[in-house]
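> Structure incoming, see below.
The values are calculated or read from the model by the stated rules, or taken from the named source; none is laboratory data. A quick note: this is a predicted structure, and the numbers were derived from the prediction, not measured. Here Cβ is always computed from backbone atoms with ideal geometry, including for glycine, and neighbour counts include all displayed protein chains.
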Amino acid sequence: MRAVIIGGGIGGLCTAIGLQRAGADVTVYERAPRLAPIGSGLSVFGNGLTALDSLGMGDAFRAITSTEAGRMRGGQRRPDGSWLATIPPEAVAELRIVHRAELHRILIDALEPGTLELGVDVASVSADGRRVTTQHGTEDTHLVVAADGIRSRVRASWPGDPGIRYSGYSTWRGVTDAPVDLGGEAGETWGHQQRFGLAPLADGRAYWFGVATMPAGAAIDDEYAEVVRRFGGWHRPIPELIHATDPATVFRLDINDLAGPVPTFRRGRCVLLGDAAHAMTPDLGQGGGQAMEDAATLTALLWPLAALDAPGSALDGALERYDALRRPRTQSIAKRARMLGAVAHTRGRFGVALRDAVLRATPASATAKQLASIQAWRPPAAE
């Protein structure tokens, strides 16, 4: 089976690894002339680790991460450091934080040489998903996987594309230059329309992010100084983390998600995957994990067909099942993520007081149950 994957991000690379190991002839086309992964961390919960295991990448991933994040006291705090809610350790026992650059490295290393082609711009995919056109010409294929991100050109060409919307908040991200003692505590701190999160990396450094409500595309002259202004007076170790980070590496991104559910993840022999299919806000830490699940699901369903020269109509059935399995789950999680972000950015003194009271009153067992429901995913059996 010949497969073309559009996009060299986490979802596209995971899919390429899975299909290649199943026996498919795979090429990944990435528009960028070079890969420059965002210099930040990524949360991978138990479901993401299960997906990586099914793709044969679990051991390589474990080698560059640790379970320290899951052993720390986590949850939500106030800017003065007092705890609003804590997460039971057993609910995040498998949580790992990885630097995106390290994750990209091990994924690319797992591909056969020549699989990833940089600087190739896919101009269009035929309506039946059997033909791809790039600046180098048109080629026939059995399968196209559109993993081309939240601004997917492929999705935009389909009927019913919802487009993207701004969440109302923007996020600064940074990684410390050296190890920082987090005091055995991680998680997020919630203020008034502002948040700060922190988590340990395997080498002792820390990944952090600051979130603030602001207009889309807001212009800020000095991003690092703005982070210091907003969060420099919050509880320890937040000021220490900021000051341990090279100002030149701190960057800010507007947070967007899809403006509504995509009607289908499949059009002919082309499927959407990752952010192209279900871009979500990062409030549940599931963006990367759901892309990994997509890749593992598609690999499992196509495993019996991948090595065939002509997969035939069975391929259509497998892609239909992929859509049926992935669309309800990912769209439900995306909706929950956006709702959590809205709660975190509640406006006004009364709203914040009510939000904090609800957090304090929520049983830890309820939080654990919600996390367990997301992480209890398993790849499907091929039919």
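> Residues THR213, THR264, THR245: which one is polar (S, T, N, Q) and crowded, with 19+ Cβ neighbours inside 10 Å? Explain how you work it out, then say what you get.
Numbers: THR213 fails: crowded, with 19+ Cβ neighbours inside 10 Å; THR264 fails: crowded, with 19+ Cβ neighbours inside 10 Å.
Of the residues listed, the single one that is polar (S, T, N, Q) and crowded, with 19+ Cβ neighbours inside 10 Å is THR245.
> Which of the residues belonging to segment 279-328 are of a type in the set (D, E, K, R), touching a Gly at 6+ places or on another chain (Cβ under 6 Å) and surrounded by fewer than 20 Cβ atoms within 10 Å (Cβ to Cβ)?
Listed by number, the list is empty, since nothing qualifies.
> Suppose we filter SER66, SER43 for residues that are of a type in the set (Gly, Ala, Ser), surrounded by fewer than 20 Cβ atoms within 10 Å (Cβ to Cβ) and in contact (Cβ under 8 Å) with a residue 60 or more places away in the chain; which single one remains? Break it down stepwise before answering.
Numbers: SER43 fails: surrounded by fewer than 20 Cβ atoms within 10 Å (Cβ to Cβ).
Of the residues listed, the single one that is of a type in the set (Gly, Ala, Ser), surrounded by fewer than 20 Cβ atoms within 10 Å (Cβ to Cβ) and in contact (Cβ under 8 Å) with a residue 60 or more places away in the chain is SER66.
> Does segment 108-133 hold any residues that are of a type in the set (S, T, N, Q), under 16 Å from ARG2 (Cβ atoms) and surrounded by fewer than 18 Cβ atoms within 10 Å (Cβ to Cβ), and which are they? Give the steps one after another, and end with the answer.
Initial filter on segment 108-133 (of a type in the set (S, T, N, Q)): 115, 124, 126, 133.
Cutting the leftovers down to under 16 Å from ARG2 (Cβ atoms) gives us 115, 126, 133.
Hits for segment 108-133 are SER126, THR133.
> Still on this structure, please answer the following. Within segment 255-269, does at least one residue satisfy the condition of being in contact (Cβ under 8 Å) with a residue 24 or more places away in the chain and part of a helix (DSSP H, G or I)?
Filtering segment 255-269 down to residues in contact (Cβ under 8 Å) with a residue 24 or more places away in the chain leaves 255-269.
Next, only the ones that are part of a helix (DSSP H, G or I) stay: none.
Checked against the condition, which is being in contact (Cβ under 8 Å) with a residue 24 or more places away in the chain and part of a helix (DSSP H, G or I), segment 255-269 yields no hits at all.
> So GLY289 passes all but one of these: (1) over 20 Å from ASP128 (Cβ atoms); (2) in a loop (DSSP other than H, G, I, E, B); (3) not aliphatic (A, V, I, L, M). Which condition number does it fail?
Exception for GLY289: condition (2).
> What are the pairs, 6+ residues apart or on separate chains, where a residue within segment 73-89 that is surrounded by fewer than 17 Cβ atoms within 10 Å (Cβ to Cβ) has its Cβ under 9 Å from a residue that is acidic (Asp, Glu) and outside any strand (DSSP E or B)?
Every condition considered, the pairs that remain are ARG78/ASP356.
> Here's another thing I want to ask about it. Kindly indicate the residue of segment 149-176 that is crowded, with 20+ Cβ neighbours inside 10 Å and assigned to a loop (DSSP other than H, G, I, E, B) and also nearest to the chain's Cα centre (by Cα) among those meeting that condition. Even if it seems obvious, please write down each step before you answer.
Narrowing segment 149-176 to residues crowded, with 20+ Cβ neighbours inside 10 Å: 152, 154-155, 167, 169-170, 172-176.
Checking the rest, the ones that are also assigned to a loop (DSSP other than H, G, I, E, B) come to 152, 176.
Details: SER152: 15, THR176: 21 Å.
Step by step, filter segment 149-176, then rank; the result is SER152.
> If you go through segment 343-366, how many residues are surrounded by 14 or more Cβ atoms within 10 Å (Cβ to Cβ) and either touching a Gly at 6+ places or on another chain (Cβ under 9 Å) or of a type in the set (D, E, K, R) (or both)?
5
> Is it the case that GLY81 is under 30 Å from ARG195 (Cβ atoms), among the small types (Gly, Ala, Ser) and assigned to a helix (DSSP H, G or I)? Reasoning before the result, please.
Values: under 30 Å from ARG195 (Cβ atoms): yes; among the small types (Gly, Ala, Ser): yes; assigned to a helix (DSSP H, G or I): no.
Judged against the criteria, GLY81 is not a match.
Table: residues versus (1) within 28 Å of PHE350 (Cα to Cα); (2) assigned to a strand (DSSP E or B); (3) charged (D, E, K, R).
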{"site": "ALA178", "(1), (2), (3)": "no, no, no"}
{"site": "THR189", "(1), (2), (3)": "yes, yes, no"}
{"site": "ASP221", "(1), (2), (3)": "no, no, yes"}
{"site": "LEU241", "(1), (2), (3)": "no, no, no"}
{"site": "LEU253", "(1), (2), (3)": "no, yes, no"}
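> Please specify each residue of segment 3-31 satisfying the condition of being among the small types (Gly, Ala, Ser) and either in contact with a helix residue (DSSP H, G or I) (Cβ under 9 Å, 6 or more places away or on another chain) or at pLDDT below 95 (or both). If you could, list the steps in order and put the result at the bottom.
Filtering segment 3-31 down to residues among the small types (Gly, Ala, Ser) leaves 3, 7-9, 11-12, 16, 18, 22-24.
Result: ALA3, GLY7, GLY8, GLY9, GLY11, GLY12, ALA16, GLY18, ALA22, ALA24.
> For LEU42, are the conditions met, namely being in a helix (DSSP H, G or I), within 13 Å of GLY288 (Cβ to Cβ) and either touching a Gly at 6+ places or on another chain (Cβ under 9 Å) or of a type in the set (S, T, N, Q) (or both)?
Values: in a helix (DSSP H, G or I): no; within 13 Å of GLY288 (Cβ to Cβ): yes; either touching a Gly at 6+ places or on another chain (Cβ under 9 Å) or of a type in the set (S, T, N, Q) (or both): yes.
The answer is no for LEU42.
> Among the residues that make up segment 100-119, is at least one of them part of a strand (DSSP E or B) and either out of contact with any Gly (no Cβ under 7 Å at 6 or more places or on another chain) or at positive phi (or both)? Walk me through it before giving the result.
Quick first cut of segment 100-119, residues part of a strand (DSSP E or B) only: 116-118.
Keeping just the survivors that are either out of contact with any Gly (no Cβ under 7 Å at 6 or more places or on another chain) or at positive phi (or both) gives 117-118.
Yes.
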